[in-house]
1. At a Förster distance of 35 Å, what's the computed FRET efficiency of Ser32 paired with Thr136, Cβ-Cβ distance as r, to 0.05?
2. In nm, to one decimal, how far is the Ser104 label point from the Trp78 one, both placed 7 Å along Cα→Cβ?
3. How would you rank Ser87, Ser53, going from fewest to most other Cβ atoms within 10 Å of each one's own Cβ?
4. For Thr42 and Ser68 in one chain, what is 0.36 nm times their gap in residues minus the Cα-Cα distance, to one decimal in nm?
5. Near Asn24, within a Cβ-to-Cβ distance under 12 Å, what is the net charge of the other residues, with Lys and Arg +1 and Asp and Glu -1?
6. In what sequence do Trp63, Trp70 fall when counting other Cβ within 10 Å, fewest first?
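Each value in this text was obtained by applying a stated rule to the coordinates, not by laboratory testing. The structure presented is a predicted model; accordingly, all values stated were derived computationally and were not measured. Every residue, glycine among them, receives a Cβ derived from its backbone with ideal geometry; neighbour counts consider all protein chains shown.
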Amino acid sequence: MNITWPTAHSAEVISKMRDAIGRNITIYINVSGVACAASGCTLDPVTNYSTNSFCETCGGNYWLQTTSAWVCMAHIRWGSADQPLYSPGGIVDEGTCKVTIAYSGNALNNVRDSHHFVVDDKEMYLKNYAFKGVQTINRLAITLKEDPNV
């Protein structure tokens, strides 16, 4: 038995549902390649590091690592909302928070390059993500943890 969904309206319907039940999250993305602007700090083209290894701004790296914020609408589910995954070895921790966002190339790149997420004023870290949608991918399901070392 085939289930048909009106493909012309599916993205619009899913977007309206996410707007109705979702909240904004902030994804902080790693941005690299920003040159150090401190006086006396120049690039050594051979090593690709600073000519001033004692630069207080970049620490001799010359290239600064910064983060940029990206806000998007997400469907948020906290750990208690889902049933735990039982296995022969015990309960598998699936993450403390799951968020679902609209899929796009930009969204995927931002998730892959993420440093951390802010969800309901809590700092979360990427555990994994999965593509969702039938026929065509239309959303990303992201599992987050509060502890970056887990």
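1. On the way: r = 32 Å, r/R0 = 0.91.
So, using R0 = 35 Å, E works out to roughly 0.65.
2. Placing both labels 7 Å beyond Cα along the Cβ direction yields 3.0 nm.
3. Values: Ser87 8, Ser53 14.
Ordered from fewest to most neighbouring Cβ atoms within 10 Å, Ser87, Ser53 come out as Ser87, Ser53.
4. Working: separation 26, 0.36 × 26 = 9.36 nm, distance 2.43 nm.
The span from Thr42 to Ser68 would gain 6.9 nm if fully extended.
5. On the way: positive: Arg18, Arg23; negative: Asp19, Asp120, Asp121.
Computed value for this residue: -1.
6. Numbers: Trp63 14, Trp70 17.
Placing the least packed residue first, the sequence is Trp63, Trp70.
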